[in-house]
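Since the structure comes first, as structure tokens, the remarks are kept for the end.
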Amino acid sequence: MATIIPVASFDCVVFGATGDLTTRKLLPALYYRYKDGQIPPTSRIIGASRSEITGDQFRERARDALKRFVPAHDLSEEALSAFVDHLDYVAVDGAGEDGWEDLAEKLAERPDQVRPYYLATSPDLYGAICRNLARHGLIGERSRVVLEKPIGKDLKSARAINDAVGEVFPEEQIFRIDHYLGKETVQNLLALRFANTIFERLWTADVIDHVQITVGETVGVESRAGYYDTSGALRDMVQNHLLQLLCLTAMESPLNLDANSVRDEKLKVLRALKPITANDVQHVTVRGQYAAGAVEGRPVEGYLADLGPGSQSRTETFVALKLEVQSWRWAGVPFYLRTGKRLPQKMSEIVVQFRASPFSIFPEESFGREPNRLVIRLQPQEGMKLEVMTKDPGPGGMRLRPTALDISFEETFKQRYPDAYERLLMDVVRGNPTLFMRRDEVEVAWAWADSLLKAWADRPEAPRPYAAGSWGPTAAIALIERDGRTWHEDLR
């Protein structure tokens, strides 16, 4: 059983408390941490939004949300009631004047608490909320502010947001959250590489043929259509989630696990990414947009129908990329990235494909000469799988087949693991920024994404249609197969 280490008592103020993120993710995450004894009983979670509701109404909404989004076997009436008793609410206009005196009065009841401010709002409000916090004297040495993605739509807007928040909070108190970095498997990637010499010594261009990173979603745009159509898959997923996974895969060993040491090494990878120009864009990128099809056995409409009757859009819902990290370790090793909506399965994985053996003593008919590969699963079931060649049991000659050395964390360690938001929220309270993005990381990632967006604009082309429930446009298959490789789609 994992050791649960309580955090310091805190007052967490969640702006956007009546929104989808709070309902689906933040309240369940905080409930689990309370249920496991990690949140001290003197802590409070204070909802803040423009909705004119009472504290009792907010608590009732929270109770309903937890019953909906927490599995029944993890809910007990005793724990649920005790947790809800720690919730409070203040009606606050983040960009205006209303409600701030009420919030200040409530926080003044416990002036020595750690104070995380979670901005589960539109990024357009980040600067205004932070300025109001400062204007009403609500920021101190024990304050932290959590920024949800997207931090801007390009480098210019990201800098504007960072400047606005940075005028109020010092960098060490700013926590830019990417929930992928809180996943157990992502942290185990660091352990796999830097605590096991067997892997780190193989982590080179001499041994690795290529790397694939896939993040697939079965859902369409749903209630996010308005936001998504101004964003697209590159801004929504690649610029943050996928590039962060690439950084952790490709980074050099940090000097230690100090937050800045880890983030310094990730930053070096981002700076080593080869820019994609208008001359390259047709050969190393694919943009797609889902059409009508079937997902998980049910018919679904296409993206344009999801936007609304008569809609037209050139926004991509799928991206596949072939990237190059320009360093000695990775010279000549392509990184293939893909992400999309309305794909066959919800899944996230990193596949490290090793090179085939240069010579085999075994006859060709004995096996398909499949090289080894390491599959790191982030979801749906976190774990790692190393595929090696073994002899097929039984008489009749030397027949080989690939066999998986498979580790499912939950099955192996026989316990439920905290999800990403649970872990990251507790890191905010502790003041540990290791798994959060630093300002320069965000801005270098945007600079690279901006160059790709410009390349697409210089060579305008409508996104390629793909049937919902497929793995994207056929051009995405060609992107990797013309290099003599194939996408990993064995998701068992």
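So here's what we get for this one:
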read-out	value
Pair list, Cβ under 6 Å, 6 or more apart: region 291-303 residue among the aliphatic types (A, V, I, L, M), other residue assigned to a strand (DSSP E or B) and open to solvent by 60 Å² or more (accessible area, probe 1.4 Å)	291/465
Residues satisfying the stated conditions in region 54-71, i.e. open to solvent by 30 Å² or more (accessible area, probe 1.4 Å), over 26 Å from the mean Cα position of the chain (by Cα) and of a type in the set (A, V, I, L, M, F, W, C)	none
Considering residues of region 227-273 that are in a loop (DSSP other than H, G, I, E, B) and within 30 Å of residue 313 (Cα to Cα) only, the residue nearest to the chain's Cα centre (by Cα)	231
Every residue from region 308-326 that is touching a Phe, Trp or Tyr at 6+ places or on another chain (Cβ under 9 Å) and either β-branched (Val, Ile, Thr) or not in a loop (DSSP other than H, G, I, E, B) (or both)	315, 317, 318, 320, 321, 322, 323, 324, 325
The one condition in (1) surrounded by fewer than 23 Cβ atoms within 10 Å (Cβ to Cβ); (2) outside any helix (DSSP H, G or I); (3) touching a Ser or Thr at 6+ places or on another chain (Cβ under 6 Å) that residue 289 fails to fulfil	(1)
Search result, residues across region 99-110 that are touching a residue at least 12 places away in the same chain (Cβ under 8 Å), part of a loop (DSSP other than H, G, I, E, B) and surrounded by fewer than 17 Cβ atoms within 10 Å (Cβ to Cβ)	110
Out of 137, 127, sole residue that is closer than 18 Å to residue 168 by Cα, part of a helix (DSSP H, G or I) and not β-branched (Val, Ile, Thr)	127
Members of region 175-212 found to be farther than 30 Å from residue 142 by Cα, open to solvent by 10 Å² or more (accessible area, probe 1.4 Å) and assigned to a loop (DSSP other than H, G, I, E, B), listed by number	195, 196, 201, 202, 204, 205, 206, 207
Residue that is farthest from residue 274 (Cα to Cα), among those in region 423-452 that are open to solvent by 30 Å² or more (accessible area, probe 1.4 Å) and polar (S, T, N, Q)	432
Test: residue in region 360-372 that is of a type in the set (D, E, K, R), open to solvent by 20 Å² or more (accessible area, probe 1.4 Å) and within 30 Å of residue 187 (Cβ to Cβ)	yes
Count - residues of region 453-477 that are open to solvent by 40 Å² or more (accessible area, probe 1.4 Å) and part of a loop (DSSP other than H, G, I, E, B)	5
Residue that is nearest to residue 65 (Cα to Cα) [pool: residues in region 1-53 that are among the polar types (S, T, N, Q), open to solvent by 30 Å² or more (accessible area, probe 1.4 Å) and part of a loop (DSSP other than H, G, I, E, B)]	18
Count - residues of region 274-288 that are more than 23 Å from residue 317 (Cβ to Cβ) and touching a residue at least 24 places away in the same chain (Cβ under 8 Å)	3
Of the criteria (1) touching a residue at least 40 places away in the same chain (Cβ under 8 Å); (2) open to solvent by 10 Å² or more (accessible area, probe 1.4 Å); (3) of a type in the set (Val, Ile, Thr), which one residue 262 fails	(2)
Among the candidates 282, 353, residue that is polar (S, T, N, Q) and either in a strand (DSSP E or B) or modelled with pLDDT of 95 or more (or both)	353
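The values are calculated or read from the model by the stated rules, or taken from the named source; none is laboratory data. Everything quoted here is computed from the prediction, not taken from an experiment. Glycine also receives a Cβ, built like all others from the backbone with ideal geometry; neighbour counts cover every protein chain displayed. SASA here: full protein model, heavy atoms, side chains in, ligands and nucleic acids out. Shrake-Rupley method; radii C 1.70, N 1.55, O 1.52, S 1.80 Å.
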